[in-house]
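**Q** Let me begin by handing over the structure; questions about it come next.
Values in this text are rule-based calculations from the coordinates and carry no lab data. Please read these numbers as outputs of a predicted model, since none were measured by experiment. No Cβ is skipped: glycine too gets one built from the backbone with ideal geometry, and neighbour counts run over all protein chains shown.
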Amino acid sequence: MVRSLHLFRPRQVLQLSPRHARGRGRLRQAHFRDHALIRAGLPCALPGMRIGLLGGSFDPAHEGHVNISRAAMRRFRLDRVWWLVSPGNPLKARGPAPVADRIAHARQMLADPHMVATDIETRLGTRMTADTIAGLLGIFPGVRFVWLMGSDNLVQFHRWDRWRDIAASLPIGVLARPGSQTAARHSVAGRAMARARLPLSRAGTLATREPPAWVLVNLPMSPQSSTALRQSLGAG
Ligand SMILES: Nc1ncnc2c1ncn2[C@@H]1O[C@H](COP(=O)(O)OP(=O)(O)OP(=O)(O)O)[C@@H](O)[C@H]1O
Ligand SMILES: O=C(O)c1ccc[n+]([C@@H]2O[C@H](COP(=O)([O-])O)[C@@H](O)[C@H]2O)c1
């Protein structure tokens, strides 16, 4: 574990340097003071590995998250899926449960060693996905990251900070969620990225595609949601 990382304040840790603008995409790769130090507290990843990043509040984690992670591994031929348990969604007014509690519960949900629940955003001091991705691209050069999201997230993706830069920086795998596939296809981001959409038959190549590239896959869907779980816990 990286203890000394917490001595840095987030702004000091993440410095987006123009000199680091090269790379696969348009997000400037983050220049961290000490990549080795930060990497020591993160999961291991080697150049060439295909890693899916599932960002979320996980408040709490549920079978729907596990279901799409398994599907993403299989359909996009990923080596790993990392859950990025968010310190707090920038678009959600209500703050989630403490991040340590959410991570502990998320880890209990995961039995597959190829999937890990991480506190990467807490370690990097990032909240905006664009900053998190810039950080990871800088720390893990050569790793083929894929951003994963449920189709409900694509519907409001155009409200995310620098969403076009995110789409230009890594491929995106969208997994069907009940009730939102059509809205996702017709969303602002879905229409803006229409020409970069891959046919389903190419989903297995997603991780090696130059961004922008995305695909929407169907799967046996799970109706689970954290909101419903919180409500049933509240009612209980
Ligand atoms: N049942 C599901 N099917 C498909 N995708 C899902 C499902 N549940 C969550 N996701 C996706 O997982 C990611 C993280 O979701 P999140 O942690 O917000 O869970 P949630 O159930 O959507 O929570 P909430 O109800 O609080 O909004 C998002 O990309 C979301 O679209
Ligand atoms: O960067 C942004 O502007 C942004 C806005 C909304 C959501 N996100 C990310 O989207 C992911 C899903 O969030 P959530 O709360 O719907 O689980 C999570 O990683 C958030 O940090 C990111």
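**Q** At most 10 other C-beta atoms within 10 Å and a DSSP loop state: those are the exposed trypsin sites (Lys or Arg not before Pro) I care about. Give me the longest piece of the chain that has none.
**A** Values: sites that count: 3, 22, 94.
Maximal segment without exposed cleavage sites: 95-236.
**Q** Which three numbers, in whole Å and largest first, are the semi-axes of the equivalent ellipsoid of segment 71-187 derived from its Cα gyration tensor as √(5λ)?
**A** Numbers: eigenvalues 84, 65, 60 Å².
That gives 20, 18, 17 Å for the three semi-axes.
**Q** Please name which of 84, 118, 147 has its Cα lying farthest along the dipole of segment 73-160 towards the positive end, using unit charges on Cβ (Lys, Arg +1; Asp, Glu -1) and the Cα centre as origin.
**A** Of the listed residues, the answer is 147.
**Q** Something else: What is the local net charge at residue 215, summed over the other residues whose Cβ is closer than 11 Å to its Cβ (Lys, Arg +1; Asp, Glu -1)? The partial results should precede the final answer.
**A** Values: positive: 75, 197, 202, 209; negative: none.
Result for the local shell: +4.
**Q** Order by neighbour count: 175, 54, fewest other Cβ atoms within 10 Å first, most last. Intermediate values should be presented prior to the final figure.
**A** Numbers: 175 27, 54 23.
Going from sparsest to densest Cβ surroundings: 54, 175.
**Q** A further question follows. Read phi for every residue in segment 83-92 and hand back ³J(HN,Hα) as whole Hz from Karplus 6.51 cos²θ - 1.76 cosθ + 1.60, θ = phi - 60°, with x for Gly and Pro.
**A** Here the 3J(HN,Hα) series is 7, 9, 6, 6, x, x, 5, x, 9, 9 Hz.
**Q** Report the rotationally averaged projected area of the chain based on its alpha-carbon convex hull, in square nanometres. Numbers along the way, then the final one.
**A** Details: hull surface 50.2 nm².
If you wrap the Cα atoms of the chain in a convex hull and average its projections, you get 12.5 nm².
**Q** Note down the magnitude of the dipole of segment 45-162 about its Cα centre, charges +1 on Lys and Arg C-beta and -1 on Asp and Glu C-beta and zero elsewhere, to the nearest 20 debye. Display every interim value, and only then the final one.
**A** Numbers: 15 positive and 10 negative charges, 59 e Å.
Magnitude of the dipole: close to 280 debye.
**Q** Residue 225 to residue 108: extension gain in nm, 0.36 nm per residue of separation minus the Cα-Cα distance? Walk me through the numbers before you get to the answer.
**A** Details: separation 117, 0.36 × 117 = 42.12 nm, distance 1.70 nm.
Working it through step by step, the gained length comes to 40.4 nm.
**Q** Would you mind ranking 188, 215, 174 so that the residue whose beta carbon has the fewest other beta carbons within 10 Å leads the list?
**A** Numbers: 188 14, 215 24, 174 27.
By the 10 Å Cβ count, ascending, the order reads 188, 215, 174.
**Q** Given just the C-alpha atoms of segment 92-134, how large is their convex hull per residue in cubic angstrom?
**A** Output value, Cα hull per residue: 96 Å³.
**Q** Compactness ratio of segment 154-236: Cα Rg over 2.2 N^0.38 Å, N = residue count? Mind dumping the intermediate values first?
**A** Details: Rg = 14.9 Å, N = 83, 2.2 N^0.38 = 11.8 Å.
That works out to 1.26 for segment 154-236.
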